[in-house]
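In what follows, a structure is listed as C-alpha cells, so that the remarks can point back to it.
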Ligand SMILES: Nc1ncnc2c1ncn2[C@@H]1O[C@H](COP(=O)(O)OP(=O)(O)OP(=O)(O)O)[C@@H](O)[C@H]1O
Ligand SMILES: [Mg+2]
C-alpha cells in the first residue's frame, strides 16, 4: 500500500550552481529515512523537487508508478506526499483548527458552491473532516489549542501544528524539513517520539532532513548524506557515523580547504574514545543564512 520512493540520478541546477548532482537513494516503505549534510548541501532542494516546487534538470523520482518530476505540486500532494517547511508556513491569523482544515482541502469533495449553500452533504462532510482534524490534533499534542490563532502559539507548538497539518493530508510519504530546528532539548525529544509514533501507528514513510545528529541517529532506519550536492555516504546510522567522508564533511577534517565553516562551538562532536568516530551532535551547520 505504501510504495517505495526511488530517487535516481537527480540533478538540479541554479544559474551556475549544481545544487544536486546525480543524487540517488530509496526510501523503503514505512521507514524513517534521514537526509543529512552541512548547510547548502542540497537537502531542501531535494524536498522542493520531491514536492514539485523545483524542476529537476535530469534524473527521476518514482513513487510507486508515478514519476514525480513530471507532476505539479497539487498532483504530487494528491498522491499522498505531504511536507513541512524549514521555516514555518502556517497562516498566523487563522486558528489551529482552520490551519488543519486547510490541510484537508485536497480530500474535500463538496465544492465551494455546496459548502456555500450549506447543503446537508457539505455539512456532513465538514463534520467528518472536523472530527478527523480533532483526532490528529490530539495525536500531535495540539488538541488543547485548536481555537487559538496559530501565530500566537510558542514556536515549538507551531512546529507541531505544521506537522499536524501535513498529517491532515493523510499522507503515504511525509517530508519533514528540520522538524526540531530551534527547539529546546525537551521539545526535541517529544518531537522525536511523535515522529516514531507516526511511523508506528500510520505505517507511512518519512523522509527527514535534520541537523540534530543525535535525533537522526536515534530514529532513522537509513541515512543518506549529501555534501555540496553530492551523495557522499549512505547506510544505517551506525555505518554513516563512522564513514570517513562524513566525518570529514562534518568535522571540516580536510583542514584548511576553507570550504566548510567551523561548527558551532557548543555542538562540536568530540572523537569517541572507543573507535574515533564522532559522537552524534548538532553538527554540520555551515551558517544560519540562506534558508
Ligand atoms: N531557488 C534557488 N535559487 C538559487 N540557488 C538556490 C535556490 N535554492 C537553493 N539554492 C542553492 O542551492 C544550494 C543548496 O541549497 P539547499 O537549500 O538545498 O541546502 P540545504 O541542504 O537545505 O541547507 P540548510 O541546511 O542550510 O537548509 C545552496 O547553495 C543554495 O544557495
Ligand atoms: Mg534546508
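Taking 10 °C and 1.306 mPa s as the conditions, I'd like the Stokes-Einstein D for the stretch 23-62 in µm²/s, using the Kirkwood hydrodynamic radius from alpha carbon pairs. The partial results should precede the final answer.
Working: Rh = 11.4 Å.
In µm²/s, the coefficient rounds to 139.
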Report summary line: Rg (one decimal) and Dmax (whole number) from the Cα set of the stretch 96-211, in Å, equal 15.2, 48
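Which whole-number percentage describes the relative contact order of the stretch 96-166, with Cα contacts under 8 Å and a sequence gap of 6 or more? Write down the numbers at each step before the final one.
Working: 55 pairs, mean separation 31.4, N = 71.
44 percent.
When the convex hull of the Cα atoms of the stretch 25-107 is projected onto a plane and the area is averaged over all directions, what value comes out in nm²?
Reported value for the Cα convex hull: 6.9 nm².
Mind ranking 222-228, 200-206 by how tightly packed they are, going by the mean number of other C-beta atoms within 10 angstrom, highest first? Before the final figure, lay out the partial values.
On the way: 222-228: 23.1, 200-206: 16.9.
Packing proxy ranking, top to bottom: 222-228, 200-206.
Which whole-number percent of Cα pairs in the stretch 198-251 have a distance greater than 17 Å? List each step's numbers first, then the result.
Working: 528 of 1431 pairs.
Counting every Cα pair in the stretch 198-251, those more than 17 Å apart make up 37 percent.
Remind me, relative contact order of the stretch 35-145 in percent, using alpha carbon pairs under 8 angstrom and six or more residues apart? Show your work: numbers first, answer last.
Numbers: 63 pairs, mean separation 17.1, N = 111.
For the stretch 35-145, the relative contact order is 15 percent.
For a quick protection proxy, order the peptides 160-170, 58-68 by their average other-Cβ count within 10 Å, most packed first. The partial results should precede the final answer.
Values: 160-170: 23.5, 58-68: 16.3.
Going from most to least packed, we get 160-170, 58-68.
Run the numbers for residue 105 and residue 148: contour at 0.36 nm per residue of separation, minus the present Cα-Cα distance, in nm.
Values: separation 43, 0.36 × 43 = 15.48 nm, distance 2.01 nm.
Full extension from residue 105 to residue 148 adds 13.5 nm.
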Report summary line: Largest-first semi-axes in Å of the equivalent ellipsoid built from the Cα gyration tensor of the stretch 15-172 are 31, 20, 14
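Read-outs throughout are calculated quantities, based only on the coordinates presented, and are distinct from any laboratory measurement. These numbers were taken from a predicted model, which means no experiment stands behind them. As a convention, Cβ positions derive from the backbone with ideal geometry for all residues, glycine included, and neighbour counts pool all protein chains shown.
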